[in-house]
Amino acid sequence: MSYTYGQPVYILSEGSRRTRGRDAQWMFIRAGKAVSEAVRTTLGPKGMDKMLVDPSGTVVITNDGVTILEEMDIEHPAAQMIVEVASTQEEETGDGTTTAVIIAGELLAKAEDLLDDDIHPTVIANGYRFAAAEARSVLEALAMQVDADDEDTLRKIAMTAMTGKGAEASKDLLAGLVVSAVQAVADEDGIDLDDVVIETAVGGSVADSRLVEGVVVDKERAHESMPTRVEDASVLLLETPIEVRGLEADAELSITTPAQLEEFIAREEGELRGVVDSIVESGANVVFCQQGIDDLARHFLARKGVLALRRVKKSDMHALARATGAKSVGDLSDIESAHLGHAGLVEERRIGDDTLLFVEECENPKSVSILLRGGTDHVVTEVERALTDALGVVRVTMQEGTVVPGGSAPEIELARAIRDFADGVSGREQLAVEAFADALDVVPRTLAENAGLDPIDTLIELRARHDRGETSAGLDAYTGEVGDMEDLHVVEPLRVKLQAIESATEAVELLLRIDDVVAARLNNSGGDDFGEMDF
Ligand code: ADP
Ligand code: MG
């Protein structure tokens, strides 16, 4: 065997692209900055909304960082890592997604300057990591304790999270609903937000929203002569269909005479009647069936005055069990009173254009619903996102019991502390620590810009106030003045700030350590740059 020298050796499949060294870093930085640019105008109470239109023409109008990024369907691998920062933030805390992304974008931008000055990426990554660790301890020192039953503070936290998200006019009302809902579902196992179901109904206004101590099921009753209202309801949850047990697939039925047919029908009828009788005997007067209910059985149930619903969603079944205390029954022969749950009132009501079934007045329900109203579909969905954020922050606060002032007060305080900390860091890492401190200024700057203020003036004033020891001085985006965020009731969970800084730093560190990208050929893309990244 002989080798031909001077010939390149191809180890990658044809069409693969490879980007290395400085080019790879440049590509990451550009992609990360583009993502953060895409959301920065939405930050804060005066942030703008975005309208996103998908290929099928569906329109989404939102101010919510993670929603924007998910709707944008971003393809670039580096950009996706920044999107992941937002997703993690959303999962862990429910809020602060825009903040996390713009911090990540700014850390990348500052890293670019350092790379231009020939500072090695590993040095930058290390410096950022030192700074993030310092940030954690400064934030923790800044945090205030909150009791899980301090409703007043919990409401303020909910309101801060909803600011600027289409819920403005009814913020007070919604914050109250959110706090009551989270408190209702909290138990010794913690707080599972799946137990707070948001049911939406277009029509009326957001101010008509309310909390249902139970479940709202978006279904109509299975037969029109069933009752629309049952007081003191005994609730049966059925996982199996109410129907005649099917014949075996290969069974053959030979009916040769009319009498045989009649007998066969009568037998089926008898079987269904038996099931309905066992339901009535158990004492159940409301039945939720996860599957179908045979026509005849519906008729029998109606005659017995039982209110039944069929094809109820699994998630609703779960909520119903948590709210009423019923145990799901998986076998028709297993229907008995011990499995039933209880609700003070079950009633079908017309709300706006929808017919909904309310299961309410449950005793000590472990699942509750917020019935969210609003004039249009877009209003309702955006307010729903605001509610989700508020539920998230109230939950985290009840779990962790620590809050910090908002309005960029913590970011200013952090930048200050980290600049001091940098003085004690030796070597070139010091420059990266300083860059980290500067990067945090992106939050106050952006809040000011979005409120139509001069960011430099605002920063100078904020810094001066913090130098004087006013650790909760932040930007009041409504008046444009610097004020005490605690007095203004702008507070956020500590966790939201910690998580934003930590996941932004981790993602940036990871990106900085990469200097070689090998990308297989994309089948669906003729574009050059992993899909366009210009916004
Ligand atoms: P994120 O997705 O990061 O939560 P938001 O658009 O919700 O983005 O904006 C959050 C920022 O707005 C936080 O820094 C928060 O402290 C600030 N903020 C919220 N309410 C006010 C307010 N009334 N005045 C000033 N800043 C506020
Ligand atoms: Mg928010």
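The values are calculated or read from the model by the stated rules, or taken from the named source; none is laboratory data. No experiment lies behind these values; they were computed from the predicted model shown. A quick note on method: Cβ atoms are made from the backbone with ideal geometry, for glycine too, and the neighbour counts reach across all protein chains shown. Ligands, DNA and RNA are excluded from the accessible area calculation, which covers all protein heavy atoms including side chains. Shrake-Rupley method; radii C 1.70, N 1.55, O 1.52, S 1.80 Å.
Some points to look at:
- Search result, residues across region 119-135 that are open to solvent by 80 Å² or more (accessible area, probe 1.4 Å) and either outside any loop (DSSP other than H, G, I, E, B) or closer than 16 Å to R416 by Cβ (or both): R129, F130
- Residues that are over 26 Å from Q25 (Cβ atoms), over 10 Å from the mean Cα position of the chain (by Cα) and within 14 Å of ligand 2 (Cβ to nearest atom), drawn from region 69-99: G96
- Look at region 288-305: where a residue is of a type in the set (V, I, T) and a partner is surrounded by fewer than 18 Cβ atoms within 10 Å (Cβ to Cβ), sitting 6+ places away or on another chain with Cβ atoms under 9 Å, you get I293/R311.
- Exclusive hit being crowded, with 24+ Cβ neighbours inside 10 Å and touching a helix residue (DSSP H, G or I) at 6+ places or on another chain (Cβ under 9 Å), set T93, T88: T93
- All positions within region 333-359 that are assigned to a loop (DSSP other than H, G, I, E, B) and at pLDDT 95 or above: L340
- Scanning region 61-84 for residues that are more than 16 Å from ligand 1 (Cβ to nearest atom) and not polar (S, T, N, Q) returns D73, I74, E75, H76, P77, A78, A79, M81.
- Residue match in region 466-481 (condition: of a type outside the set (G, A, S), at pLDDT 95 or above and within 16 Å of ligand 2 (Cβ to nearest atom)): yes
Residue-wise test of (1) within 9 Å of ligand 1 (Cβ to nearest atom); (2) over 26 Å from the mean Cα position of the chain (by Cα); (3) not acidic (D, E).
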| site | (1), (2), (3) |
| --- | --- |
| T471 | no, yes, yes |
| G474 | yes, yes, yes |
| G483 | yes, yes, yes |
| E492 | yes, no, no |
| Q499 | no, no, yes |
| E502 | no, no, no |
| A507 | no, no, yes |
| L510 | no, no, yes |
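- Candidate set: region 138-166, residues that are hydroxyl-bearing (S, T, Y) and part of a helix (DSSP H, G or I); chosen: the one nearest to ligand 1 (Cβ to nearest atom): T160
- Region 36-50, residues that are more than 10 Å from ligand 2 (Cβ to nearest atom), assigned to a loop (DSSP other than H, G, I, E, B) and not basic (K, R): T41, M48, D49
- The listed residue being at pLDDT 95 or above and open to solvent by 10 Å² or more (accessible area, probe 1.4 Å), out of R267, R273, R311: R311
- Residues that are closer than 13 Å to D95 by Cβ and either part of a loop (DSSP other than H, G, I, E, B) or open to solvent by 10 Å² or more (accessible area, probe 1.4 Å) (or both), drawn from region 392-422: R395, G406
- Close pairs (7 angstrom Cβ cut-off, 6 or more residues apart or separate chains): part of a helix (DSSP H, G or I) in region 273-286, not aliphatic (A, V, I, L, M) anywhere: R273/F300; V276/F300; V276/K304; V280/K304; S282/E336; S282/S337
- Test: residue in region 239-251 that is of a type in the set (A, V, I, L, M, F, W, C) and modelled with pLDDT of 95 or more: no
- Residues considered: A143, A133. Of these, the only one that is more than 16 Å from ligand 2 (Cβ to nearest atom), over 28 Å from G204 (Cβ atoms), hydrophobic (A, V, I, L, M, F, W, C) and without any contact (Cβ under 8 Å) to a residue 12 or more places away in the chain is A133.
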